[in-house]
1. For A:V26, what residues show an amide H to amide H distance below 5 Å, using hydrogens built from the backbone and excluding near sequence neighbours?
2. Total Lys pairs in the protein assembly as shown closer than 27 Å by alpha-carbon, pairs eight or more apart in sequence or interchain only?
3. Looking at chain A as a GNM with Cα springs under 10 Å, which of A:Y108, A:Y34, A:Y181 has the largest mean-square fluctuation?
4. Counting other C-beta atoms within 10 Å, which of B:R66, A:R9, B:R162 has the fewest, and how do the rest follow?
5. I want the antiparallel fraction of DSSP beta bridges within chain A, as a percent rounded to 5.
6. Taking amide H positions as placed 1.01 Å from N in the peptide plane, with prolines and chain starts having none, which residues 5 or more places from A:Y108, or on another chain, fall under 5 Å of its amide H?
7. Local charge sum around A:P158 (other residues, Cβ-Cβ under 13 Å, Lys/Arg +1, Asp/Glu -1)?
8. Could you tell me the relative contact order of chain A? Use alpha-carbon pairs under 8 Å, at least six residues apart, and round to a whole percent.
Amino acid sequence: MRNRILLERRPVVAKLLADRGKLLVVSGLGAPTYDCAAVGDHPLNFCLWGAMGSAAVIGLGLATAQPERPVLVITGDGEMLMGLGALATVAVRKPANLAIVVLDNERYGETGNQPTHTADAVDLAGVATSVGFANSFRVEDEASLASLLPLLRAGKGPVFAAIKVSDKADPMVLPPRDGTYLKHRFRETLLGPAALK
Amino acid sequence: MATDWPLDIHHALRAASVRQVSYVPDAGHSRLITLCHDDPTIVATVLTSEQEGIGLACGAWLGGQRAALLMQSSGVGNCVNAFSLLKTCGFPFLTVVTMRGQWGEFNPWQVPMGQATAATFALAGFVVHPVDVAAEVGPTVAAAAKLAFDSSVPVAVLLGQRLIGTKAFNEAGKESGKE
């Protein structure tokens, strides 16, 4: 399983966020939040530092409120496993503008690289298919990543992708961690100054 | 004529411009759930677990919409870590909770969480509005929505079991509620 050449998470996230246009981003706690910060802090990134298991449903609420904007959730396998039911909830609601990408390194990277369930038989793309995602992908190489990218913002979702990545730890790049600031910054940028009144 | 308090809650949510309502079903909320699904101004979302409703409401707010979560008191315990989102980020939040384990409960398994519900909310930083009188339900939800969305605080309205009616086993020997 782990003896092949794996994608590296930071270049993958750089591709996910390239030419982001009107994209709204929610990142799950831990490495996905640092990965998004490494690409560059952005006011329309809502980067989580906690509330494990909540990234996908935050994306669902946001995608529902902003149906004309593409919404991308970037999270980790441990975070997704804590909120697996959210995949079923998203699949039932079918928001066309929502994509959920799991950077699956098969490890709890923040806590000592313990194996997650995906290091065993649990296949998150298979779970997404089973709960009703018509577009669910398991990505393991550059070619399948390249074919995934245009689907993430095409508005024909929901889309789910588990991207298998190396468990190498990258340098920490920290976005702001004041949640109230992140919330206000996101809303002011998206909705205008009236959102703060 | 008896007060139609589920309809009053629906009116209060509409008047407060709530656009997303999520829920894990409870018998006490069944009429309100139907009203929300039938309302073209509201997107109603059924959840697998109540904690999903916290993130959903925060995402809605980020996108410029107001949301509310409907749940039974047993679901409050499922939300605890997700409540940290509300406090850390200062999100407004509104939940309407049907109480079990409180007034004449017949099912002992409902009692521990029902008895801990108000204290759990208080520990998580919520303003808690209990209501036991049908005529006060609508005004209480309206005031709770104003407090939540205008003052950016989490607010829980607890609909007492005395109001909802204490459940009993029906002829088939089954509860008609969540379980």
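Every read-out reported here was derived from the displayed coordinates using simple, explicitly stated rules and does not represent laboratory data. Bear in mind that the values here come from a model prediction, so they are computed numbers and not experimental data. Quick reminder, even Gly has a Cβ in these numbers, built from the backbone with ideal geometry, and neighbours come from all protein chains shown.
1. The list, which skips near neighbours in sequence, is A:F46, A:L72, A:V73, A:I74.
2. For the protein assembly as shown, qualifying lysine pairs total 22.
3. A:Y181
4. On the way: B:R66 21, A:R9 26, B:R162 14.
So the ranking, lowest neighbour count to highest, is B:R162, B:R66, A:R9.
5. Numbers: 2 of 27 bridges.
In chain A, approximately 5 percent of DSSP beta bridges are antiparallel ones.
6. Residues meeting the criterion, in which the H sits 1.01 Å from N, are A:N113, A:Q114, A:T116.
7. Numbers: positive: A:R93, A:K94, A:R153, A:K156; negative: none.
After counting each charged neighbour, the total is +4.
8. Values: 362 pairs, mean separation 48.8, N = 197.
Relative contact order for chain A comes out at 25 percent.
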